[in-house]
Every structure is written in structure tokens, then in C-alpha cells.
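Asker: Mind having a look at this structure? Questions to follow.
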Amino acid sequence: MTPPSAQSVTLLLLLWLLPLLGAIVLWTFGPQLRRSGSIVASALVLVSFALTLVLFVGGTSPDNPLQVPLVSWTRGFNLGLELDPLSLLWTLIITGVGGLIHVYAIGYMWSDKAIARFFAYMNFFVFAMLTLVLSDNVVGLLVGWGLVGLASYFLIGFWFYKPSAVAAARKAFVINVVGDVGMMFAVFALFSATGSIAFGDIFAKAHDFSPSLLFTICLALFIAAAAKSAQVPLHTWLPDAMEGPTPVSALIHAATMVTAGVYLIARFAPLWNLSPQSQELAGIVGALTMVLGALLGIGQWDIKRILAYSTMSQIGYMVMGVGVGAYQAGVLHFFTHAFFKAQLFLGAGIIIHALHDEQDVRKMGGLRIRMPFAYWAMLLGTLAICGFPFFSGFYSKDAVVYGALEHGHPWLYLAGVLTAGVTAYYMFRMIFLVFFGPYRGEVTEVELGMPVSEHAAHAEEHVAHAPAWLMQVPVAILMLPTVAAGYLFIGGSTSPWARYFGTQFGTSENVASLPLPIPELASTWIVMAVVAAGIVIAYLRYGAQGAQTSAIDRIRAEGIAMPQALRHAFWFDDVINALFVRPAQALGLAISRFVDPHVIDAGVRDVAWLAGLFGALARGLQNGLVRAYALTLVVGAACFIVYYALIGAPR
Amino acid sequence: MADIANYVALSALVFFIGVAGVVLRRNPLIVLMSIELMLNAANLALVAFSRAWVNNAGHIFVFLVITVAAAEAAIGLAIVVAAFRKARFVDVDEVASLRG
Amino acid sequence: MIAFYALAIVLIASAIFTVTQKSPVYSVVGLLVNFIALATFYFRLNAEFLGVIQILVYSGAILMLFVFVIALLTSGIGPFTEGPNKLPRIALPAFLTMLVGFGFLAFGILHTPLLPAAMPAHVATSTLGDAGAATVFGSVGDFGVALFTTQLLPFEVTAFILMVAVVGVVVIAGDAPPQKTKGHHEPVGRRRRGARREPILKARK
């Protein structure tokens, strides 16, 4: 392994630490900097992106990663950074898409008083995510893992005066902690099994693990990934996380943090390749999430929630992909998804901002004419996510589902194909409801079948507005990769994508050992057909001429006819509430009602009472009466007599 | 002479009677007399042992004790006189200014 | 042996009598009987000189001292007027303690060898014999020789103690020194009207 040049080492350290510097500066000087702090923060992230590009040009391969040891303690505890193709890809996305979202957020959060605190948190998040992906050891990864969860908590609950935001942040954090437990268990198990925390050492010794140990570790890792990446049943926090500002949703809950689980599985590819049962599990759970997310997306009325469930579904695709061993496909889907999901969220943000915080699609409509830029942005993103031919998602989604078939999982393949159709349906439902037909902002809630709400868009206030280009330029820039990112995969195993990764993920055994029932080209046509069917159904229900004129009645009817399962999100929230939240709250209440006053306070009180008792006893000895003192003398003498009578005088 | 143990036991008994007097009586004069009783009980034991060993050092010590007892009685009575010169009650419980 | 037990009974009875009488005069009489019984014990134990000293000093001098004090202690009220009992429940703990103490002491006496089995010969300082002869154990001569030769220190100490006692009595019970002029006994904390404040108080922080 060639030693890294001092220049590359410096670049890597800089790009990792600059966001931290930004966070510290903004935390410290936030009140003084205010809006200019946002520019500082965005600039730092963009500089990190530039540095990453420089390193990218320098070229890395899995056999020659850029390694930067940082701290070395005893007994194999060496922390350091490593830049190999996998982490470089993630770094590019984090700093690149992150940088664009930072710029966008300058415009979005322009009139918010706490803008400096927001950017401090955003920079901190970027630093944490970089720590996660750049570590060359499990402990550094764990540190990044935890910090990312913390950043998510900060950012979801950014508007902390909203109780719903606080509750959502808490929920996200608690569910993430479940994953953290799995992660820690895996770290401990790996360290005790190999005596080292570095990935290299662990992967080298992985062949010696017993199958049960492998499965246990993979299971623990998967629990961590499931919590962070919102897989079933740990997915309930993701829709609620939309309480955060839209840039947060774009960056953390679409492009980067929720993909940490995918990164984890991809990073531990050598381990996963050795444990087919774990791969089976990962594939099944990923597929389940994929299907569930899509089904739930059908019944949502909040534009951000539609996108949240679509995120959940797409990550299900990614997890399914890397879970079964189709690493390059899964990671490709992460790559393309980062672009088009960010695009979708940022576009939604433009709409929400323009409509003064209206998020319900029932109150939108006809925005194609009023906001053409947002329309084209959202349309491109939607076409990408549906896998429309020649858009980025087309290549990545096909790769994923076909990869599932290649690795011997026909049922997962089927699920993926059908879900693609459902995805097309609900995404185009959104497009038609938002951008076509008459504008429904003035229609009353009753006519639309909405509950007369607590949530109402506030009237246009005379607040300062950011220059429009701040929000539009990032979206425009994202349009290119939204369309084109998938082209890197053209050529399959000889594509630039495959050559970039080389042997990063090892060779997965069960490829090409089974006869493939469907050749790849046929699979592509099947997927296209299903997607087209979805779009057509959506068109008929929402986009056709007749549908648009009677939109208000249709919306009201749909609201009434919404199936209970969709209305209650398959009751996951209710079950978790009953199983875990209520007992925990009851326990807390019992402790505060009983243990606190009667045990803890009573303990302290009793100690004080005991001290008083001793004091009273001692006080009784000093009554000033000679007779009492004489009695004390006699008692002392009696003690001596007893002692000498029993023990005997000293010889 | 009778067995030495008898003398020691007798001495102990009289000693404890004196202790009872010191602790339980409230008239200071009776208390001082009880103290004399205790000292004499000790003297008895000393003389008995002196006789058992046929060694007159015990006698010398008794001499010393008698002297000390006399001095102590004198001073004790002087204190009683000084303390209760103008008192209403001649009671040991009244001199409790060391209380607290 | 009968003599021993008879004397013992007298000793104990008089002791109990002393301790339990309400009038101090009765107690003095009881104490006198106790001392005489004690002196008889000394005579039985070959300690003639000490027996005489016991009667002379103890019953003759100390008890007289007691009697005088009883007589002259208070004018107007009797010497045995007692105030309220401030420690009414002391009897039980006191008795218990003494019972325990005496019990263990008796146990110790009975189970400890008080004397060695064979008395070494060199400890004796003189020989037992008829009362009176100067070299007999317990006689005046024997006592005197010991007091002024081998045991000189107790003799000197005795002298010193007696002097201390005399001085002490005079100081404690003698007349109080004459009162100084009134100016030095200001009440604490109150300024006398018109008096200048002491500068030394001001300087102190």
C-alpha cells in the first residue's frame, strides 16, 4: 500500500474538520453573525466538497485507500480515517448535495431568527456524517453514528416551541437508540472476537468466525441499520421527522443520514457475504419496507409525508439491494436517490415557502401555471423516482431488482417490480394533485373533507424574502444529476461505476450460479410496463380532464373512503405506543409518584432524622447534673470490669 | 486469715454500696461520705493483700490513701460550704451550670 | 471465720445504713460504725498501726469535720432540705450497671488466681509475730522503718498533699476578697450614660 502523500492527508483532514469548525464558530458567535453565519457555513461545506473532488481526481481504489491514522491507544485501539471508493462516494454526496442544500437553506431560512443555530446544527451534521463514513474502524463509525442521531434530534426539533416537533425529535432519537444498542453490541462482539477495531483486521479474520457469531453480528448491525434507515418496524419516526424544516428533510432524511444503514451494510460486505442467512433477512426486511412505504404513500395528503414514505420505500430498495449482495446496484440507487430525492424535497420546499407554509396537497392545485420552475423540478424528480426510461432512477432501480433476481430471490424481485408500479402511482398522484386542475387554496376545509384544522397556513406576513435565486439555483443544479446520474452504470459490469468500485465488495457467491429465468432486457421491459400502468391509473384518477373538474368532490370522496389501514399507517404507531411507550410512561409515573417521595426523599429524610436522633442522644448526656456524670463514670468502670473479667488483665 | 478472695469480695461489695450512694443520693454531704466509703473499701483490699504477701508496702499505700482521702474530704466540704452558702436547697442537682 | 463473717455483716450493714439515711447526722454515725469495723479488720490482719491510724484520723478527724460542716452549713434551713429531683429515672440504670459490674467482678475474683500458688520468699519485708514487737509485721516500728527508708517518697508526697489541702480549703471556703469599686463592673453591652466609649473597642475589627 503506497503511503499517502502529505497533501492528500491534509486535504482529507481539512474536509473532515471544516464543518466542525463551522459548527463551533456558529454555535459560539451565532447571535453576532446571524445571516452571515449561514454564508460561512455553506461556504465551508462547499469547500469540503471541492477538496473531496480534488481527492476524487487523485483516484482511489479498494486496494489502495487513503489512510490517515489519527489516534493510537493500547491493545489494538487505533482510530483513523480511510478514503476508499465507498467512503469517497458517500463523502461526495454528503458534501456536494449537502453544500447545495446549505445554499438553498440560506434562502429558505432567511427570515428565521435562529438561522445561525440552524446552520451550526447543519454543519455539525455534516461533520458527524463524515466521521461516520470516513472512519477506518468500528469505534469511529459508532461515534459518527451517535453524533448523527444527535444532529437529527437537534434539527427535527429545531422549532422547539412546537410541541409536535419536540415529540417527533424525541421519537426519532429514542428509536435511533434502539439501533445504537445493536451497533454497540456489534462493536463489542467484533472487538472481542478479533482484538482489533480496524476494518482491515476484522475483515481479514472474518473467515474464522463461526456461522452463529457471524449471524449474531450481522443481526446486530442490521438492527442498527434498520433504526437509522427507517426499516420496518423501526420506521415510525421518519414520517414524523418531517416536522423539521424542509432543508433538513432533504439533507438528513432523504439524501444522507437515512442511508447510513445502507453504508453500514455495504461497508461490512465481507461479513455479509459470509452469512447467507443474514442476507436473506436483510433482503426480506428491505423488501417489506419497500412495499409498506409505497402502500402508505398512497394515502397521504401532506406533500412532505408523501415524500417521506417514498424515501422509506426507496431505502427499502437500497437495503434489499445491498442486503442480498447486489452492492453496486444498491449503492447506485443510493447515489441516484440522493439527487432526485433532494430535488423533490427542495422543490416541495419552494412550493411550501411560496404558499406560506401550506403543506396539504388538497389545498394546492394548478401550480403548473403559477410556479413553472417548481413544476419542472418536481416533474423531473418524479420521473426519476418512478424509473422512467433514461432518467437516473431507471438504471438504478432496474439494477436493484434484477440484482435480487440474480442473487436468487425471485419473490423479492416480484415485490420490487410491483412496488415500482405503486411508486409511479402515488408520485404521479402527487404531481396531478399539486400541479394540475384549479387552484384550491381558497376552498374551505369542509368542502375538501379536511378536518378543520389546527394547522393553517399563516397569512402572508411582511417578512423579508430571500432572493429567489438562492433557492432556485441549487434545484436547477440538481436537475442534471437527477437525469444523468444513472448513466454511469451503463455497461453493467464494465461500466465506470463497476470499474470505480472494483473489488470493494468482494465477490458474492450466488451470482450466476443459478439459471436466470428472465434475461435482463426482458426484466427492463416488465418494469417499464408496470410503471406505465401506475402512471396511467394515476392519470385516470387525478389527471384526466374529468378528474380535474370534479377534483374537489373526488378529494372529499377519497378522504372518506380512505382505508383504515392506510389511515392508521398499518397501526405500527399504535402497537409501539401500547407495547413500549405506555408502559414506560406508566413506569415513570409510578416511580415519580411512589419511589421519589417515599423511597428517595424518605431516605434523605431518614438520614437527617437519624442525625437528629444522635444529636438528641448526645444532648441528653450533657444535662449538667453531677449524678448523671457519675453514672457515666460507673458505666465506664463497669465496662472495664467486664472486659478484664472476660479477657483477663494484660500479663 | 480467711481466704483472700473473701476479703476482695467484701471490699468490692462495700465499694459498690458507696457507688450507689454517690449516684443515687442528692445531698452533697452524703455523697462525700459515700466517697469515703469507697476509699475505705479499697483500703481493705490493700491491707488484705499486704497481709497475704507479708509486705508492708501495702500499708504505706493505705497510709497514702488515707491522707488523700482526708485532703479530699476537706476540700470537698469546703466546696460544699462555698457552693451552698446562700442556696435555698442543699441539692447536688442544683449546681447544673455545666448544662448544655 | 465466724468473726470474719460477723464483722463483714457489720461492715455491710453500716455501709448500707450510711448511704440510705435521710439525715446526714445519722449517716455520720453509720460511717463511724463502719470505720470501727474496718479498724477491727485491720487488727485481725496484723495491721495494728493502720488500725489505730484508721480510728484516729478517719473517725476522729474526718468525721468530726463532717459533723462541723453539717452543723454550720446553712443557717435557717436544715442541712438536708433537697430540691426537686431532676433525674428521676436514674435508679434503674444505676442498679443495673452496678449489678453487672459487681457480678463480673465477683466472677473475676472467683476465677482468677489472686495469689501465686507458691509465695516467693523474698517478698516479705518482715516476719509475722506477736503484736507489739518493733520488727513484727504491721507494728509501728516496721511501718516507720519502711516509711522513712524504702518508701520515703510517699511520705514526702503526703506532706505536700496536706499542704495543698490546707491552702485549698482556705481559698475555697474562706471569705471572698473585698469588692473593687463599681466602675469596673459595667453591664455587658450597655453603654453607661455619658461615658466615653473605650478606644480599644473601636480599634478592634
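All of the numbers you see were taken from the coordinates with simple rules; none came from a lab. Predicted model only: the values in this text are computed from it and were never measured. Glycine gets a Cβ as well: all are built from the backbone with ideal geometry, and neighbour counts include every protein chain shown.
Asker: May I ask for the distance between the Cα centers of segment A:528-582 and segment A:137-208, given as a whole number of Å?
Answerer: If we compute the Cα centre of each part, the gap is 34 Å.
Asker: Each label point is 7 Å from the Cα along the Cα-to-Cβ direction; what then is the distance between the points at A:MET528 and A:ALA618, in nm?
Answerer: In this crude label model, A:MET528 to A:ALA618 measures out at 9.4 nm.
Asker: Helix B:28-53: angle to the longest alpha-carbon principal axis of chain B, degrees 0 to 90, nearest 10?
Answerer: So the helix axis and the longest Cα principal axis differ by about 10 degrees.
Asker: Counting just the Cα atoms, what span does segment A:6-567 cover along each of its three principal axes? Round to the nearest Å and put the largest first.
Answerer: 68, 64, 39
Asker: About the Cα centre, and with charges only on the beta carbon of Lys, Arg (+1) and Asp, Glu (-1), how big is the dipole of segment A:575-647? Nearest 20 debye, please. Provide the component values of the computation, followed by the final result.
Answerer: On the way: 5 positive and 3 negative charges, 23 e Å.
Result for segment A:575-647 is approximately 100 debye, rounded to the nearest 20.
Asker: Length gain on complete extension for the stretch A:PHE580 to A:VAL181, per 0.36 nm per residue less the alpha carbon to alpha carbon distance?
Answerer: Values: separation 399, 0.36 × 399 = 143.64 nm, distance 1.62 nm.
My answer for the length gained is 142.0 nm.
Asker: Take each of the peptides B:21-34, A:210-223, A:139-152, average the number of other beta-carbon atoms within 10 Å over its residues, and list them starting from the highest.
Answerer: Numbers: B:21-34: 24.1, A:210-223: 19.1, A:139-152: 21.4.
So the order, starting with the most tightly packed, is B:21-34, A:139-152, A:210-223.
Asker: Sticking with this one: With 10 angstrom as the radius, rank A:TYR629, A:TYR643 by how many other C-beta atoms surround their C-beta, starting from the fewest. Don't skip to the end; give the middle numbers.
Answerer: On the way: A:TYR629 15, A:TYR643 12.
Listed from fewest to most nearby Cβ atoms, that is A:TYR643, A:TYR629.
Asker: A further question follows. Tell me, which longest segment in chain A has none of the GluC sites (Glu not before Pro) that fall in DSSP loops with at most 13 further Cβ atoms within 10 Å? Present the calculation step by step, with values, prior to reporting the outcome.
Answerer: Details: sites that count: A:GLU442, A:GLU454, A:GLU460, A:GLU461, A:GLU509.
Free of exposed loop sites, the longest segment is A:1-441.
Asker: For peptide C:109-118, how many partner chain Cβ atoms fall within 10 Å of a residue's Cβ, on average? Before the final figure, lay out the partial values.
Answerer: Numbers: counts 9, 4, 2, 6, 1, 8, 6, 1, 0, 0.
Average per residue, whole number: 4.
Asker: Stretch C:LEU114-C:PHE68 to full length: gain in nm at 0.36 nm per residue minus the Cα-Cα span? Walk me through the numbers before you get to the answer.
Answerer: Details: separation 46, 0.36 × 46 = 16.56 nm, distance 4.14 nm.
Gain in length upon complete extension: 12.4 nm.
Asker: Across peptide C:158-166, how many C-beta atoms of other chains are within 10 Å of each residue C-beta, on average? If you can, show how the numbers build up before the last one.
Answerer: Details: counts 8, 1, 2, 6, 5, 1, 2, 9, 3.
Mean inter-chain Cβ contacts per residue within 10 Å come to 4.
Asker: Further question: Nearest 5 percent is fine: what portion of the DSSP beta bridges confined to the protein assembly as shown is antiparallel?
Answerer: Details: 10 of 11 bridges.
Bridges in the protein assembly as shown that DSSP calls antiparallel: roughly 90 percent.
Asker: Can you pull the mean other chain C-beta count within 10 Å for peptide A:617-629? Kindly include the intermediate steps, with their values, before the conclusion.
Answerer: Working: counts 0, 0, 1, 0, 0, 3, 7, 8, 11, 12, 13, 7, 2.
Taking the mean over all residues of the peptide, I get 5.
Asker: Please determine, in degrees from 0 to 90 and to the nearest 10, the orientation of helix A:211-228 with respect to the longest principal axis defined by the Cα atoms of chain A, where the helix direction is its Cα long axis.
Answerer: That works out to roughly 80 degrees.
Asker: Next up: I'd like the distance between the alpha-carbon centres of segment A:310-379 and segment B:55-100, rounded to an integer number of Å.
Answerer: Taking the Cα centre of segment B:55-100 as reference, the centre of segment A:310-379 is 105 Å away.
Asker: To test your reading of the geometry: what angle, between 0 and 90 degrees and rounded to tens, separates the Cα axis of helix A:276-298 from the longest principal axis of chain A?
Answerer: The angle comes out at about 70 degrees.
Asker: What list do you get for A:MET378, A:MET528, A:MET109, A:MET320 if you sort them by fewest beta carbons within 10 Å? Please report the intermediate quantities before stating the final value.
Answerer: On the way: A:MET378 29, A:MET528 16, A:MET109 23, A:MET320 33.
Starting with the residue having the fewest Cβ neighbours, the order is A:MET528, A:MET109, A:MET378, A:MET320.
Asker: Between C:ARG89 and A:GLN7, how many nm apart are label points set 7 Å from Cα along the C-beta direction?
Answerer: Using points 7 Å along Cα→Cβ, the separation is 9.5 nm.
Asker: Please work out the Cα convex hull volume for segment A:575-647 and give it in Å³ per residue. Kindly include the intermediate steps, with their values, before the conclusion.
Answerer: Values: hull volume 8.3 nm³, N = 73.
Per-residue hull volume (Cα only) is 114 Å³.
Asker: Also, quick follow-up: Quick one: net charge of A:VAL177's neighbours, Cβ under 15 Å, K/R +1, D/E -1?
Answerer: Working: positive: A:ARG170, A:LYS171, A:LYS228; negative: A:ASP180.
Cβ neighbours under 15 Å give a net charge of +2.
Asker: What is the distance, in nm, between label points placed 7 Å from the Cα along the Cα-to-Cβ direction at A:THR494 and at A:GLN564?
Answerer: Taking the two extended label points, one gets 5.8 nm.
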